[in-house]
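Heads up: the structure comes next, in structure tokens.
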Amino acid sequence: MESDFWFNHVEAEVMPDIDGSQASSYLLKRMFPQSLPQTSITLNNDANTIISSYLEYSELEDKYAELKEECTNKLKMMLGDNEKGAADNYVVNWKTINSNRFNSKLFQKDHPELFKKYSKKSSYRRFSIK
């Protein structure tokens, strides 16, 4: 695999196909960190097929997320007030976790100058299909 990648991509200067891997996602974030404001292009014919697949997978993801949540809720009902339950091959945990969170909205309201001083701007690109 290494030699195939080296000869067919690095030496040939041919970018590998984009896939669903974290490596591809990371690469795209690095290659295109900012959008150019007020710019637009017409996508090629492959875009319609890709968009249809994306929408289909999104529906499946929603369906399976709901089914997963149903299983979670049924197990939580079985556990009730208990934090642990044992089945033949599994242990189910539903523990109470306590934490302290910083209330940035209240801090901004009470100390606007300090909030401004210690705030750090961040950006990301939001992906959507309409």
- prompt: Does any residue of the stretch 66-77 turn out to be over 30 Å from Asp19 (Cα atoms), among the aliphatic types (A, V, I, L, M) and either surrounded by fewer than 10 Cβ atoms within 10 Å (Cβ to Cβ) or modelled with pLDDT under 95 (or both)?
  reply: yes
- line: Selection from the stretch 1-44 of residues touching a residue at least 12 places away in the same chain (Cβ under 8 Å) and aromatic (Phe, Trp, Tyr) yields Phe32
Close pairs from the stretch 53-67: first under 21 Å from Lys130 (Cβ atoms), partner of a type outside the set (S, T, N, Q) and not in a helix (DSSP H, G or I), Cβ under 8 Å, at least 6 apart: Tyr54/Ile129; Leu55/Ile129
Members of the stretch 76-130 found to be within 26 Å of the chain's Cα centre (by Cα), more than 30 Å from Leu43 (Cβ to Cβ) and not basic (Lys, Arg), listed by number: Val92, Asn93, Trp94, Thr96, Ile97, Asn98, Ser99, Asn100, Phe102, Asn103, Ser104, Ser119
field: Qualifying positions in the stretch 119-130 - modelled with pLDDT of 90 or more and surrounded by 10 or more Cβ atoms within 10 Å (Cβ to Cβ)
entry: Ser119
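The values are calculated or read from the model by the stated rules, or taken from the named source; none is laboratory data. This one's a predicted model, so the numbers in the text were calculated from it and none came from an experiment. Virtual Cβ from ideal backbone geometry, glycine too; neighbours counted across all protein chains shown.
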